[in-house]
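A short reminder: the numbers here are calculations on the coordinates, not readings from a lab. Everything numeric here is computed off the predicted structure, so don't read it as measured data. Counting neighbours? That spans all protein chains shown, and the Cβs are built from the backbone with ideal geometry, glycine included.
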Amino acid sequence: MALALRHKRNPAFVYNSMSDGELDEGSTWEAAMGAAHHGLGNLICLVDINKQQADGPSGQVMGFEPLADKWAAFGWHVQRVNGNDLPAVRAAFDAARQLAEPRPRVILFDTLMGCGVPFLEQREKNHFIRVDPPEWQQALQVLDASQTQGATA
């Protein structure tokens, strides 16, 4: 899609979202290499590094660090930010769109699943949890309280 838009001289960006688990796949790296080869400066890849996969912690399933160095070696412009920090996320998107280089961009987002809700943050397998109605209420109360505290601070 990014290549087709470039050929049509369309200035739109194409966004690709994936998690750290997809970085175990060879086809992901083949696509990354192809995007750099074709100079797809209109492609922005978003990688959620939440360190969890279906089979266990991402780094134990398949070690993937140093990610920034790997993407850079494939010819991508790389940013790594705290994905739970919304101002940092917005700034990373702005920087990626404003880059004048004709190469693809990747933003690596280090995230914590359930961020802001301690009992969710501490769960080992957040991908497959069921949040029961009382837990939703508890989570909303925690998040509401943190919003109220942040507004008065």
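Per-residue extension of 0.36 nm, minus the Cα-Cα distance of Asp24 and Gln138, leaves a gain of 37.5 nm for this segment. Counted by Cβ distance under 12 Å from Tyr15, the other residues give a net charge of +2, where Lys and Arg count +1 and Asp and Glu count -1.
Stretching the chain fully between Ser17 and Arg80 yields a gain of 21.2 nm (0.36 nm per residue, less the alpha carbon separation).
The GluC sites (Glu not before Pro) found in region 19-101 that occupy coil by DSSP, while having at most 12 further C-beta atoms within 10 Å, are Glu25. The length gained on full extension between Asp69 and Ala31, counted as 0.36 nm times the residue separation minus their Cα-Cα distance, comes to 12.0 nm.
Looking at region 2-111, what % of its DSSP beta bridges pair antiparallel, to the nearest 5? Mind showing how you got there, number by number?
Values: 2 of 20 bridges.
If I count the DSSP bridges inside region 2-111, around 10 percent turn out antiparallel.
Among Leu112, Leu46, the order by Cβ neighbours within 10 angstrom, fewest to most, reads Leu112, Leu46.
Just flag the trypsin sites (Lys or Arg not before Pro) in region 1-97 sitting in loop per DSSP whose Cβ has no more than 13 other Cβ atoms within 10 Å.
Lys8, Arg9
Taking all Cα pairs closer than 8 Å and separated by 6 or more residues, the relative contact order of the chain comes to 23 percent.
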